[in-house]
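J.: For reference, the structure I am asking about is given below.
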Amino acid sequence: MTTPAGPEPVPAAPGAAGEGTWVVLPTYDEAENLPGIAAAILAALPAATLLVVDDGSPDGTGELAESLAAADPRVRVRHRLAKAGLGRAYLDGFAIAIAGGASAVIQMDADWSHEPFALPSLLAPIVADAADLVIGSRYVAGGRVENWGLGRRVISRLGSIFARVVLSLRPHDLTGGFKAWRATTLAGIPFDGIHAGGYVFQIEMTHRASRAGARIVEVPITFRDRQVGRSKMSRRIIIEALLVVVRLRAEEIASSWRRRRDR
């Protein structure tokens, strides 16, 4: 799939059934999950467009996505040559959705950790013009995590707290990837300035949206660990998150110092 050519589409206001909404679904070795999760997404938002962004999965996920697209015009596929990080897959998908005229863009995982039936409530503040970014949050009242061991719970919670304190951000769940964006807000973030290729991408995008003045709200979700396939979490990803958060804060301090110097 290629980015549409010609005049830039004018997006309509997003609707509760998903009109104008694109759901960006990165995949890597998700052949067992894709058919079910795709059907559930389109059942929850029947008027939405589902964009599968596959990073050259060796298990045939990309080919399976093509068969789904051939059977349903609401499904589109972006093939990437190789695995290059979750953040890069999302940025690729975001660019295609924006160029395709999306008014709202939802990002979510393909492994059932993000529940498709929660999509309408995630989109609702965008539809009501009450938010520019909606975070599906595990760490607000009503949100919870299931099927995680204590170690992973602690790492995730402390990661969000660390980023929240260091970057002076208000949202409680900064490492989660279940989000709905107003397309104009997303388009206002310079993608070529994004550091992160892994899960810290979630922190960085929320940070940049916050600094741009976006209205950010959190809605509670239940996060369930994947039942099929293997988690992509690793020690390298955790270290990357810590380093990028510190780097973002250092860049802000340096920028503030330069402004005071140049006055």
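The values are calculated or read from the model by the stated rules, or taken from the named source; none is laboratory data. Since the structure is predicted, the reported quantities are computational estimates derived from the model, not experimental observations. Glycine also receives a Cβ, built like all others from the backbone with ideal geometry; neighbour counts cover every protein chain displayed. Each accessible area value is taken on the protein alone, full model and side chains, heavy atoms only, with ligands, DNA and RNA left out. Shrake-Rupley method; radii C 1.70, N 1.55, O 1.52, S 1.80 Å.
J.: If I ask for residues that are farther than 15 Å from Pro120 by Cα and out of contact with any strand residue (DSSP E or B) (no Cβ under 6 Å at 6 or more places or on another chain), which ones from the range 40-56 would you list? Write out each step before concluding.
T.: Within the range 40-56, the first condition is being farther than 15 Å from Pro120 by Cα, and the residues that meet it are 51-56.
Asp55, Gly56 - these are the residues of the range 40-56 that are farther than 15 Å from Pro120 by Cα and out of contact with any strand residue (DSSP E or B) (no Cβ under 6 Å at 6 or more places or on another chain).
J.: Here's a follow-up. Across the range 241-255, what is the number of residues that are within 9 Å of Val200 (Cα to Cα) and either of a type in the set (Lys, Arg) or open to solvent by less than 40 Å² (accessible area, probe 1.4 Å) (or both)? Quick ask: steps written out before the conclusion?
T.: Just the residues of the range 241-255 that are within 9 Å of Val200 (Cα to Cα), to begin with: 241-242, 244-245.
Okay, now just the ones that are also either of a type in the set (Lys, Arg) or open to solvent by less than 40 Å² (accessible area, probe 1.4 Å) (or both), so 241, 244-245.
Total meeting the criteria: 3.
J.: Out of all the residues in the range 98-126, which are touching a helix residue (DSSP H, G or I) at 6+ places or on another chain (Cβ under 7 Å) and open to solvent by less than 30 Å² (accessible area, probe 1.4 Å)?
T.: Our first condition is that a residue be touching a helix residue (DSSP H, G or I) at 6+ places or on another chain (Cβ under 7 Å); within the range 98-126, this holds for 98, 102-107, 110, 112, 116-117, 119-120.
Once the filter is applied, which keeps residues that are touching a helix residue (DSSP H, G or I) at 6+ places or on another chain (Cβ under 7 Å) and open to solvent by less than 30 Å² (accessible area, probe 1.4 Å), the range 98-126 yields Ala102, Ser103, Ala104, Val105, Ile106, Gln107, Ala110, Pro116, Leu119.
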